[in-house]
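I have placed the structure first, in the form of structure tokens, so that the comments after it can refer back to it.
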């Protein structure tokens, strides 16, 4: 019976785990629908003389069973649900009739009006399933589905947890600075946060989007008294989480790339608080690309190395083998090294690097204040002083500096 204003389709979620589902036809429709049926835990039997390579691979790996022939009467025995999707209208009609007689809900890809069930446009976001039906307009269903799922993912549609949750903290990598470069998951967790402890290098524009009730704490201004600053941050994460707050530690770049994220994760583990780590786009690769520099390029650089430059090469605390780095032919990316770049360049040249090796310094990469300054190992120290390059800046050393795409006029 066609849907009408008086008799719309009744939405329901089928729990198919461990239950028999039959799919008739192994073409593109089956290829699209099978993964969700498998994910639902259904015991799927495909009935079809042939299948697409992707469907065939699912059968070969044991995800589905495959009866390699055309549909025959009785194939739907003991099934809970059936998808009919062959190119043979007569076979589709016979299978649909068997499903009707056996009171099995049946979806038909060729004739929605003859089906007893319709497949909604479905999307998922962190435990929420969105299913949309708009009658006989599947494109509209998909568009509405996409809008809702995107809103849930980026936080523009608020769906807070009503039931109390156990204490937890999310360490979120905010990316290199441009607020659009945070991950979808990171943005969603920010939208759900009660407390955000932020680094100065995190994407600051995102903080302006937070609701008024969210407490934003500048990590650089946490009073730490007898504690080291990092210990004070760890304590703040633990205290707010134990108070029942949804806590996000917003960091620049990636939490585990010179971000001391592991120290925070370890402190949370010691306190018995679950920790979710959301990777971020590291400035070591994103900032060079923002100014047209590839950290690797065929025939130019087959590797790139990322090092911290926060201590000078001759500092006893340095863990970097500058002598070995000087012998590498690939790209060297230095983070946190603006004020030490003179000593770094000198060490590389001393250990054999060509003084004419190209260097690019990218200040405030991916933000509106971004600028690029070029030099060589021989001139970089003076260039930094003359051009007044300030942190944060990413330093790229190597032949790739000269490979980049010229800016559009």
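Restricted to segment 43-103, the set of strands (runs of 3 or more DSSP E) holding at least 1 residues that are more than 13 Å from residue 26 (Cα to Cα) and touching a residue at least 60 places away in the same chain (Cβ under 8 Å) comprises 81-84. Considering only segment 219-243, state which residues are in contact with a strand residue (DSSP E or B) (Cβ under 8 Å, 6 or more places away or on another chain) and within 20 Å of residue 336 (Cα to Cα). Scanning segment 219-243 gives a single hit, 219. The residues of segment 311-327 that are touching a residue at least 12 places away in the same chain (Cβ under 8 Å), in a loop (DSSP other than H, G, I, E, B) and crowded, with 16+ Cβ neighbours inside 10 Å, listed by number, are 311, 312, 313, 320. Answer yes or no as to whether residue 371 is more than 23 Å from residue 178 (Cα to Cα) and free of Cβ contacts under 8 Å to residues at least 12 places away in the same chain. In short, no. Taking the numbered list (1) closer than 30 Å to residue 179 by Cβ; (2) crowded, with 17+ Cβ neighbours inside 10 Å; (3) in contact (Cβ under 8 Å) with a residue 24 or more places away in the chain in turn, residue 292 passes all entries but (2). Scan segment 29-51 residue by residue and report those that are under 21 Å from residue 88 (Cβ atoms), touching a helix residue (DSSP H, G or I) at 6+ places or on another chain (Cβ under 9 Å) and exposed (fewer than 15 other Cβ atoms within 10 Å of the Cβ). Result: 50, single match. Of the residues in segment 176-185, not one is modelled with pLDDT under 85, touching a helix residue (DSSP H, G or I) at 6+ places or on another chain (Cβ under 9 Å) and either in the same structural domain as residue 391 (by TED's automatic domain parsing) or surrounded by 14 or more Cβ atoms within 10 Å (Cβ to Cβ) (or both). So which residues in segment 247-262 are assigned to a loop (DSSP other than H, G, I, E, B) and within 8 Å of residue 171 (Cβ to Cβ)? Passing the criteria: only 255.
The values are calculated or read from the model by the stated rules, or taken from the named source; none is laboratory data. What you see is a predicted model, and the numbers here were worked out from it, not measured in a lab. Every residue, glycine among them, receives a Cβ derived from its backbone with ideal geometry; neighbour counts consider all protein chains shown.
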